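A.B. asks: What follows is a single structure, and I will ask about it in a moment.
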Amino acid sequence: MTAPARRRPVISAWTAISPFGYGREAFADGVRSRREPALETAGPGDPAAVVPSFDVREMFGRKKTRAMNRVSGLTVAAAQQLLADMELAPDGDREHIGFVLGTTTGSAQSMMDLTRASITGEQPDHVEPAAVPGTVMNCAAGQAAIWHGLKGPNATIAAGRTTGLQALNYARRLLMTERAAQVLCGAAEEHSDARSWLEHHRRGGAATLGEGCAMFLLEPADSADPRTVLATLTGIDSRICLDGDLAGTLHATVTSLLNRSGVNADRVWAAVGSGFPAGADRPEDVTLRQLFGDEVTDRVPPVDLIGDTSAATALFGLASVLSIADGADHGAQDHIVVTACDDDGSVACALLQLGGAR
């Protein structure tokens, strides 16, 4: 999925709320120093990397936040930061700003809490009505749009660990079909007792869980200020592995995207995978090293430095690459690659050119 250079969406701003703290600089500093964030014990006893001192009510006040769950709070906060970076006035035109959010299921904690209340109450319908919206997967995206007055298209994407790249592709299509003038595209994952319990029983605590929200401003290349363009989205490709050879499927996906885009492997400055699965012998790591070499693959720290952020993994990977690329000498290597794999066999790859398309 590639497009003419003049129509390719560009990333002109981004932010992140992560275990490193709040905002783009806090995340970039953590990535550049390659420091591991402090862990907290939660759920069934597994340590987790969580956003420090994050409380929805303390951040936004008690008005309109009584039923706001954690993943919605992280999303609303990230959107608030990004809109501030865009220097968009509170009464500025938001009619054509779209919002695309990637997530696994929304809030597993909200779903479990409502289910428990329906079982333990005197009647199944004796539940808190205000808690019902929080159980819907697109609650966080809807809350962000309502909170910040974004009236463009609003979408929620769920595709496992490839979610972030699929969200980027959805945002790309909104811009190319002129359904939105700008799109805030992000992915969010919360940490909770419910998610910890689910992942503990699913994977046996093999990975340290993380949480947060990474969000990017995408806009058409011909409408963006060239001075603010951080990267140009050259193309995205995705496939399903049917024969168990995840590394082979990823290899075919990356090379196909490079060939269609007319980009040689030696022009890739950095490549980052989604850190799946936990432990050694990751198919992404093997494939990226075969294609681009150790220097390119090791240029950015592993994305699971902040823990397993599941659906948000790929976009945190993109944020990591942009953090390292900021101010660095790229030479003739002017492209970056972000990949993602999931245990259901899905793989995805995004190719971006640093700065504006030339």
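The values are calculated or read from the model by the stated rules, or taken from the named source; none is laboratory data. Here the structure is a predicted model, which means the values were calculated and not measured. Note: ideal-geometry Cβ built from the backbone for every residue, glycine included; neighbour counts use all protein chains shown. Surface areas here come from the heavy atoms of the whole protein model, side chains and all, with no ligands, DNA or RNA. Shrake-Rupley method; radii C 1.70, N 1.55, O 1.52, S 1.80 Å.
A.B. asks: With a 1.4 Å probe and all protein chains kept in place, how much accessible area does residue 22 have, in Å² rounded to the nearest 10?
C.D. replies: Spelled out: residue 22, probe radius 1.4 Å, area about 80 Å².
A.B. asks: Turning to a different aspect of this structure: Once neighbouring chains are kept in place and the probe is 1.4 Å, which whole percent of the accessible area of the chain is contributed by carbon and sulfur? Mind dumping the intermediate values first?
C.D. replies: Numbers: 7430 of 15120 Å².
Ligands and nucleic acids excluded, carbon and sulfur reach 49 percent.
A.B. asks: If you wrap a convex hull around the alpha carbons of the stretch 88-225, what volume per residue comes out, as a whole number of Å³?
C.D. replies: Value for the stretch 88-225: 132 Å³ per residue.
A.B. asks: In cubic angstrom, how much convex hull volume per residue do the alpha carbon atoms of the chain span? Before the final figure, lay out each step's value.
C.D. replies: Details: hull volume 49.5 nm³, N = 358.
Considering the Cα atoms of the chain, their hull volume per residue is 138 Å³.
A.B. asks: Pairs of Cα atoms under 8 Å, at least six residues apart: use those to get the relative contact order of the chain, whole percent. Intermediate values should be presented prior to the final figure.
C.D. replies: Numbers: 782 pairs, mean separation 91.4, N = 358.
Averaging sequence separation for qualifying contacts and normalising by length gives 26 percent for the chain.
A.B. asks: Let's see if you can work this out: charge +1 on each Lys and Arg Cβ, -1 on each Asp and Glu Cβ, no other charges. What is the dipole magnitude of the stretch 243-358 about its Cα centre, in debye to the nearest 20? Please report the intermediate quantities before stating the final value.
C.D. replies: On the way: 6 positive and 17 negative charges, 104 e Å.
Using Cβ point charges on Lys, Arg, Asp and Glu, the stretch 243-358 gives about 500 debye.
A.B. asks: With unit charges on the beta carbons (Lys and Arg positive, Asp and Glu negative) and the dipole taken about the Cα centre of the stretch 1-149, which residue among 30, 134, 68 sits farthest to the positive side?
C.D. replies: 30
A.B. asks: Which shape class applies to the stretch 189-310: rounded if a/c is under 1.5, otherwise prolate when a/b exceeds b/c and oblate if not, where a ≥ b ≥ c are the square roots of the Cα gyration tensor eigenvalues? Can you show the working numbers first?
C.D. replies: Working: a/c = 2.02, a/b = 1.31, b/c = 1.55.
It comes out oblate by the Cα gyration axes.
A.B. asks: State the Cα centre-to-centre distance between the stretch 146-189 and the stretch 210-248 in whole Å.
C.D. replies: Between the Cα centres of the stretch 146-189 and the stretch 210-248 lies a distance of 11 Å.
A.B. asks: For residue 176 and residue 294, compute 0.36 nm times the residue count separating them, minus their Cα-Cα distance, and round to one decimal in nm.
C.D. replies: 39.0 nm
A.B. asks: By how many degrees, between 0 and 90 and to the nearest 10, does the Cα long axis of helix 139-148 differ from the longest principal axis of the chain?
C.D. replies: Rounded to the nearest ten degrees, it is 80.
A.B. asks: Enter the Cα centre distance for the pair the stretch 282-302 and the stretch 79-126, rounded to the nearest angstrom.
C.D. replies: Value for the Cα centre distance between the two parts: 35 Å.
A.B. asks: Could you work out how far helix 24-33 tilts from the main Cα principal axis of the chain, as a 0 to 90 degree angle to the nearest 10?
C.D. replies: 60
A.B. asks: If you put +1 on each Lys and Arg Cβ and -1 on each Asp and Glu Cβ, how big is the dipole of the chain around its Cα centre, in Debye rounded to 20? Please list the in-between numbers first.
C.D. replies: Values: 31 positive and 43 negative charges, 164 e Å.
Here the chain has a charge dipole of around 780 debye.
A.B. asks: Just name one of 316, 349, 332: the one whose Cα is farthest towards the positive end of the charge dipole of the stretch 303-358 (beta-carbon charges, Lys/Arg +1, Asp/Glu -1).
C.D. replies: Farthest towards the positive end: 332.
A.B. asks: Still on this structure, I have one more. Between residue 243 and residue 130, what length comes free when the chain is fully extended (0.36 nm per residue of separation minus the Cα-Cα distance, one decimal in nm)?
C.D. replies: Numbers: separation 113, 0.36 × 113 = 40.68 nm, distance 4.55 nm.
The residue 243-residue 130 span can extend by a further 36.1 nm.
A.B. asks: Another question about this same structure. Send over a whole-number figure in Å² for the accessible area per residue of the stretch 161-293, probe 1.4 Å. It would help to have the intermediate numbers written out before the result.
C.D. replies: Details: 5290 Å² over 133 residues.
Per residue, the stretch 161-293 has an accessible area of 40 Å².
A.B. asks: To continue, here is another question. Using the Cα centre as the reference, give the magnitude of the dipole from point charges on the C-beta atoms of the stretch 140-224 (Lys, Arg: +1; Asp, Glu: -1; all else neutral), rounded to the nearest 20 debye.
C.D. replies: Numbers: 8 positive and 8 negative charges, 51 e Å.
Computed about the Cα centre, the dipole is about 240 debye.
A.B. asks: Let me ask something else about it. Along the positive direction of the dipole of the chain (beta-carbon charges: Lys, Arg +1; Asp, Glu -1; about the Cα centre), which of 303, 100, 244 reaches farthest?
C.D. replies: 100
A.B. asks: Going by accessible area, probe 1.4 Å, with all protein chains left in place, what is the ranking of 120, 253, 115, largest first?
C.D. replies: Working: 120 105, 253 0, 115 75 Å².
Largest accessible area first, the residues go 120, 115, 253.
A.B. asks: To the nearest 10 degrees, how steeply does helix 70-85 sit against the main Cα axis of the chain, on a 0 to 90 scale?
C.D. replies: Rounded to the nearest ten degrees, it is 50.
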